[in-house]
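Asks: Let me give you the structure first, and then I'll get to my questions.
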Amino acid sequence: MQPSTIFSTILLLALAVGLTSAYALTQEELVARIQAAGYAQVSDIKATAEGITAKAVKNGKAVTLVVDSSGQVKERH
């Protein structure tokens, strides 16, 4: 294999692993990650095209969250 082919293969494998990371978490791990980001009362967890969505509360405000393929917790606006 040529170096560029090896690099491309490794890059594709790394991307594939990254794209499945949020989906590979157990529900308990996902809730723990969301709580570690400062959210409470995590509920209504669903897999969607944009990532894992959930409802939670932060600073007394109800929010909808998206956990993307890299595991980042973001509020949906």
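The values are calculated or read from the model by the stated rules, or taken from the named source; none is laboratory data. Being a predicted model, the structure only gives us computed values, none of them experimental. The protein model used for the area step is the full one, side chains on, heavy atoms only, and it has no ligands, DNA or RNA in it. Shrake-Rupley method; radii C 1.70, N 1.55, O 1.52, S 1.80 Å.
Asks: Only one of (1) at pLDDT below 50; (2) under 18 Å from Thr64 (Cα atoms) fails for Thr48. Which number is that?
Replies: Looking at each condition in turn, Thr48 falls short on (1).
Asks: In region 25-54, which residues are open to solvent by 40 Å² or more (accessible area, probe 1.4 Å), outside any helix (DSSP H, G or I) and among the polar types (S, T, N, Q)?
Replies: Thr26, Gln41, Ser43, Thr48
Asks: Looking at region 55-70, is at least one residue in a strand (DSSP E or B), open to solvent by less than 70 Å² (accessible area, probe 1.4 Å) and at pLDDT below 95?
Replies: Yes, region 55-70 contains a residue that is in a strand (DSSP E or B), open to solvent by less than 70 Å² (accessible area, probe 1.4 Å) and at pLDDT below 95.
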